[in-house]
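Notes follow once the structure below has been shown.
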Amino acid sequence: MAIKLSTITSIEELPEIEGTTLFHSNELFKIFKQTSGYKPIMIIAEEDDRCIARLMGTVRKSVRLFPPAIIKRCEVYGNGEYFDNSYDKEELFSLLLNKLTREVKKRSFLIEFRNLDNPLLGYQAFKKNNYFAINWLRVYNSLHSKSPEERLSSSRKKQINRALKSGVTIEIAKDEEEIRAFSMLLRKYYSSKIRKHFPHIGFFIQLSRKIAGQEIAKIFLVKYNNKIIGGSVCAFSKDTAYLWFSMGMKKSYPFEYPGIMAVWGAIKYSYENGYDHFEFLDPGLPFKKYGYREFILRFGGKQTSTRRWFRFRWNMLNKLFCKIYS
């Protein structure tokens, strides 16, 4: 029987599938669907009425310097999720990618595949669909074999100890009021970052809730004298924790190191709760020297090369970039 591909755009259409990958899950689809400004789309591959693979992307508005405009872009995290090892992943991914590209081209100006689990998977499929690859950098921390304290740089250890001695605490947000207070700080912080995207507060509220007993994410708050001065958002998928957002009021509290403590709180929690890896979802642009990447590497992480795949809706522009990055 031939493989059937379906496009899912509403919660009611979602098939009941228990997966393990957060970024292509029903749970995250529902969170995006219930968040203002996001439009998730999922491609399902089925055979004999049985789901064998799925791929989810999310369309949102984005302010870009080139081209200078407010545009719609589709972001896809990872290569999708596959439920039957008897099928060729390359072939399945090619089918999913073809379908997603056709659907999303109508809805967004730019498609981006990032944080790929396997950067080699789908190379030919991307090329066939006129995507171009840009070399990127990935930063992750190993949480097994050594404690995170053992991997810290000496200067980072001193900063964390100073902050703790001064009375800084790291807590998990316990209610909607705290999430809203943190969200306001995060919005103010991200408004000054040209590349950064800040979602509606409903995203953080939904993300912090347990769904069917499953831990989706945690929001960590850095407090000093009972005031929130920093925090982070950490999502969980399989054996990996992902730092999605983080910030700290470092100008107002330079000796409390709120930005450092926001990251450290997420790393410590992930280690203590049995996750094997901790990855930074956005380690920054792929420049040789980049301030934020230098900052996160001092937590003991490793830097590896990867790639991100892009496709513009405008064929002329896309052909130009395909030539540049071929």
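The values are calculated or read from the model by the stated rules, or taken from the named source; none is laboratory data. From a predicted model like this one, the values you see are computed outputs, not experimental measurements. Ideal geometry is used to build each Cβ from the backbone, glycine not excepted, and the neighbour counts take in all protein chains shown. For accessibility, only protein heavy atoms count, side chains too; no ligands or nucleic acids. Shrake-Rupley method; radii C 1.70, N 1.55, O 1.52, S 1.80 Å.
Before moving on, here are some points about what is shown:
- For the condition open to solvent by 60 Å² or more (accessible area, probe 1.4 Å), touching a Lys or Arg at 6+ places or on another chain (Cβ under 9 Å) and within 17 Å of Y242 (Cα to Cα), R138 qualifies.
Residues checked against (1) at pLDDT 90 or above; (2) within 17 Å of the chain's Cα centre (by Cα); (3) crowded, with 18+ Cβ neighbours inside 10 Å:
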| residue | (1), (2), (3) |
| --- | --- |
| D48 | no, no, no |
| T58 | yes, yes, yes |
| E91 | yes, no, no |
| L97 | yes, no, yes |
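- Among (1) in contact (Cβ under 8 Å) with a residue 60 or more places away in the chain; (2) touching an Asp or Glu at 6+ places or on another chain (Cβ under 9 Å); (3) closer than 22 Å to W136 by Cα, the one test that L243 misses: (1)
- Close pairs (8 angstrom Cβ cut-off, 6 or more residues apart or separate chains): among the hydroxyl-bearing types (S, T, Y) in region 259-277, assigned to a helix (DSSP H, G or I) anywhere: Y271/P148
- Residue in region 142-155 that is polar (S, T, N, Q), touching a Leu at 6+ places or on another chain (Cβ under 7 Å) and in contact (Cβ under 8 Å) with a residue 24 or more places away in the chain present: no
- Flag if N130 is outside any strand (DSSP E or B) and touching a Phe, Trp or Tyr at 6+ places or on another chain (Cβ under 8 Å): no
- Restricting region 191-214 to residues that are among the β-branched types (V, I, T) and at pLDDT below 65, the residue that is surrounded by the fewest Cβ atoms within 10 Å (Cβ to Cβ): I194
- Residue check for G300: buried (at least 17 other Cβ atoms within 10 Å of the Cβ) and either more than 24 Å from Q124 (Cβ to Cβ) or at pLDDT below 90 (or both): yes
- Listed by first and then second residue, the pairs linking a residue in region 110-130 that is in contact (Cβ under 8 Å) with a residue 24 or more places away in the chain and open to solvent by less than 70 Å² (accessible area, probe 1.4 Å) to a residue that is outside any helix (DSSP H, G or I) and of a type in the set (D, E, K, R), with Cβ atoms under 6 Å apart and 6 or more places separating them unless they lie on different chains, are L110/R73; I111/R311; E112/E75; R114/R308; P119/R307.
- Some residue of region 276-296 being at positive phi, open to solvent by less than 20 Å² (accessible area, probe 1.4 Å) and assigned to a loop (DSSP other than H, G, I, E, B): yes
- Scanning region 238-258 for residues that are open to solvent by 20 Å² or more (accessible area, probe 1.4 Å) and in contact with a Gly (Cβ under 9 Å, 6 or more places away or on another chain) yields a count of 6.
- When residues of region 148-175 are limited to those that are assigned to a loop (DSSP other than H, G, I, E, B) and modelled with pLDDT of 95 or more, the one least open to solvent (accessible area, probe 1.4 Å): V168
- Taken together, T21, T101, T9 contain a single residue that is among the β-branched types (V, I, T) and surrounded by fewer than 18 Cβ atoms within 10 Å (Cβ to Cβ), which is T9.
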